[in-house]
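Right, I'll just put the structure down here and ask away after.
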Amino acid sequence: MKKTAWFNRHFPVIEDNGLLPVIIERLAGAPVRLQELLADVPEEVLTRKPDDKWSAKEHAGHLADLEPLWYSRLEDLLEGKPELTVADLTNQRTHNANHNASTVAELIAAFKTWRAKFVTRLWQVEESSLEHTALHPRLRTPMRIIDLVYFVAEHDDHHLSAIREMIVQA
């Protein structure tokens, strides 16, 4: 089944801030879903690079690699900055990390630690901050906190589905 490339995705504006707790729960569960997905998968499947693209371990490591960006963008919104922190669209951190040399436990632990920090910060957000907007640097659209967390949740699922596809096709 053909999946839309990440940079071709468009994201709706989410009008209802009442959906935020549900999306935060989705974010909180992502490390557990990753752990379940990678459980008992042979190392040769986890490190295989189909079409010389990222392996399952590299996708998993990438999730942790981007956590500081998500946290920075949340802080940008809370501080009233006009534009969100720019991402490295070449993903050099992931390309240079050698995630295939890490254990699954190490990759999951890194993701879990960073994600817990992000989720904890989200639960501390005051209601009055939910309407602040900042421009997303690539999409050139304004985002609120709920739009950011939806974007992050979709990013998680984009990579989790890529991992599942590699496992199923192995």
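Every read-out reported here was derived from the displayed coordinates using simple, explicitly stated rules and does not represent laboratory data. Values in this document were obtained by computation on a predicted structure and should not be read as measured data. Here Cβ is always computed from backbone atoms with ideal geometry, including for glycine, and neighbour counts include all displayed protein chains.
Considering only residues that are within 19 Å of His158 (Cα to Cα) and among the charged types (D, E, K, R), which ones fall in the range 34-50?
Once the filter is applied, which keeps residues that are within 19 Å of His158 (Cα to Cα) and among the charged types (D, E, K, R), the range 34-50 yields Glu36, Arg48, Lys49.
Could I ask something else about it? Report, by residue number, each residue of the range 155-170 that is part of a helix (DSSP H, G or I), touching a residue at least 24 places away in the same chain (Cβ under 8 Å) and not acidic (Asp, Glu).
Hits for the range 155-170 are His155, His158, His159, Leu160, Ser161, Ala162, Ile163, Arg164, Met166, Ile167, Gln169.
Next question. Restricting attention to the range 1-31, which residues are over 28 Å from Thr90 (Cβ atoms), in a helix (DSSP H, G or I) and without any contact (Cβ under 8 Å) to a residue 24 or more places away in the chain?
Once the filter is applied, which keeps residues that are over 28 Å from Thr90 (Cβ atoms), in a helix (DSSP H, G or I) and without any contact (Cβ under 8 Å) to a residue 24 or more places away in the chain, the range 1-31 yields Gly18, Pro21, Val22, Glu25, Gly29.
Also, I was wondering about something else. For Thr103, which of the numbered conditions (1) exposed (fewer than 13 other Cβ atoms within 10 Å of the Cβ); (2) hydroxyl-bearing (Ser, Thr, Tyr); (3) under 23 Å from Ala153 (Cβ atoms) fails to hold?
Failed condition: (3).
Right, another one. Within the range 43-59, is even one residue touching a residue at least 60 places away in the same chain (Cβ under 8 Å), assigned to a loop (DSSP other than H, G, I, E, B) and of a type in the set (Phe, Trp, Tyr)?
Yes - at least one qualifying residue is present in the range 43-59.
On to the next question. Filter the range 84-100 down to the residues that are surrounded by fewer than 14 Cβ atoms within 10 Å (Cβ to Cβ) and either of a type in the set (S, T, N, Q) or touching a Pro at 6+ places or on another chain (Cβ under 9 Å) (or both) and list them by number. Show your work before the answer.
First pass over the range 84-100, keeping only residues surrounded by fewer than 14 Cβ atoms within 10 Å (Cβ to Cβ): 86, 88-90, 92, 96, 98.
Answer for the range 84-100, where residues must be surrounded by fewer than 14 Cβ atoms within 10 Å (Cβ to Cβ) and either of a type in the set (S, T, N, Q) or touching a Pro at 6+ places or on another chain (Cβ under 9 Å) (or both): Val86, Thr90, Gln92, Asn96, Asn98.
Tell me the residue from Arg93, Arg121 that is in a helix (DSSP H, G or I), under 16 Å from the mean Cα position of the chain (by Cα), charged (D, E, K, R) and over 16 Å from Leu27 (Cβ atoms), please.
On the way: Arg121 fails: over 16 Å from Leu27 (Cβ atoms).
Exactly one of Arg93, Arg121 is in a helix (DSSP H, G or I), under 16 Å from the mean Cα position of the chain (by Cα), charged (D, E, K, R) and over 16 Å from Leu27 (Cβ atoms), namely Arg93.
Sticking with this structure for a sec: Residues Ala87, Ala162, Ala134: which one is under 25 Å from Glu36 (Cα atoms) and aliphatic (A, V, I, L, M)? Give the derivation first.
Numbers: Ala87 fails: under 25 Å from Glu36 (Cα atoms); Ala134 fails: under 25 Å from Glu36 (Cα atoms).
Residue meeting the stated conditions: Ala162.
Another one. Over 18 Å from Ala162 (Cβ atoms), in contact (Cβ under 8 Å) with a residue 12 or more places away in the chain, surrounded by 15 or more Cβ atoms within 10 Å (Cβ to Cβ) and among the aliphatic types (A, V, I, L, M): does that describe Leu78? Step through it out loud before you land on a result.
On the way: over 18 Å from Ala162 (Cβ atoms): yes; in contact (Cβ under 8 Å) with a residue 12 or more places away in the chain: yes; surrounded by 15 or more Cβ atoms within 10 Å (Cβ to Cβ): yes; among the aliphatic types (A, V, I, L, M): yes.
When the stated conditions are applied, Leu78 passes them.
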